[in-house]
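Novice: Encoded as C-alpha cells, here's the structure I'll be asking about.
The values are calculated or read from the model by the stated rules, or taken from the named source; none is laboratory data. Just so it is clear, the model here is predicted, and its values are computed rather than measured. Positions of Cβ are generated from backbone atoms using ideal geometry, with glycine treated the same way; all protein chains shown enter the neighbour counts. Surface accessibility is based on the protein's heavy atoms, side chains included, excluding ligands, DNA and RNA. Shrake-Rupley method; radii C 1.70, N 1.55, O 1.52, S 1.80 Å.
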Amino acid sequence: MSGILVFCRDCGKQVASTQTKDGRCLDCQVRRSVADLREEHARLWRKRERYRSQNANMEQIGRQIARTEDRIAQRIKELVPNDREAVEHLRRELEAARGQRYTIKGV
Ligand SMILES: [Zn+2]
C-alpha cells in the first residue's frame, strides 16, 4: 500500500492515510461506531446474570443479546469490507463487551 502515513488521533498508531477517516484508523472507527451498542450489550449481559441468579426465564434476554450482537456485526460490516477482517473485529468487540461486566462488577 502506497501513500502517506499518518498517526491515528485516537490510538496514535501509524496507518496509511487512505485507511483513515476523520484522522482515525479503522480499529478506532469500529470502536466508536459500536460504542453505544456495546453499552447496550453490557447492560443486557448484566441483566441476564441477575436473571440467572433468580432462576428467571432467560429466553427473552438471550434473544435481546443475540440481536444486539447482530447489530454490532452489521455496523462492523459496513466499515470493514473484508470478511475475515470484519469477523476479527467482531470477535474483539464482543470479547470486550462481554468482559465489561467484570470491570463494572469489580468496582
Ligand atoms: Zn486508532
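Novice: Using the Karplus curve 6.51 cos²θ - 1.76 cosθ + 1.60 with θ = phi - 60°, what ³J(HN,Hα) values do you get for each residue of the stretch 67-82, in whole Hz, with x for Gly and Pro?
Specialist: 5, 5, 5, 4, 5, 4, 4, 4, 5, 5, 4, 5, 8, 10, x, 6
Novice: Which FRET efficiency value, to the nearest 0.05, is calculated for ASP70 and LEU5 with the Förster distance at 41 angstrom and r the Cβ-Cβ distance?
Specialist: Values: r = 35 Å, r/R0 = 0.86.
With a Förster radius of 41 Å, E is 0.70.
Novice: Roughly speaking, to the nearest percent, how much of the chain's 1.4 Å accessible area is carbon and sulfur? All intermediate terms of the calculation are to be shown ahead of the outcome.
Specialist: Details: 3500 of 7380 Å².
The computed percentage sits at 47.
Novice: Ordering ILE4, ILE61 by accessible area with a probe of 1.4 Å, largest first, what comes out? It would help to have the intermediate numbers written out before the result.
Specialist: On the way: ILE4 115, ILE61 5 Å².
Solvent-accessible surface, decreasing: ILE4, ILE61.
Novice: Follow-up question, since we're still on this one. Working from the pairwise distances between different alpha carbons, so that the mean of 1/r is found and then inverted, what is the chain's Kirkwood radius in Å?
Specialist: Numbers: mean 1/r = 0.0654 Å⁻¹.
Mean inverse Cα-Cα distance, inverted, gives 15.3 Å.
Novice: Calculate, for the stretch 1-66, the solvent-accessible area per residue in square angstrom, rolling a 1.4 angstrom probe over the heavy atoms of the protein chains. Numbers along the way, then the final one.
Specialist: Working: 4400 Å² over 66 residues.
Result: 67 Å² per residue.
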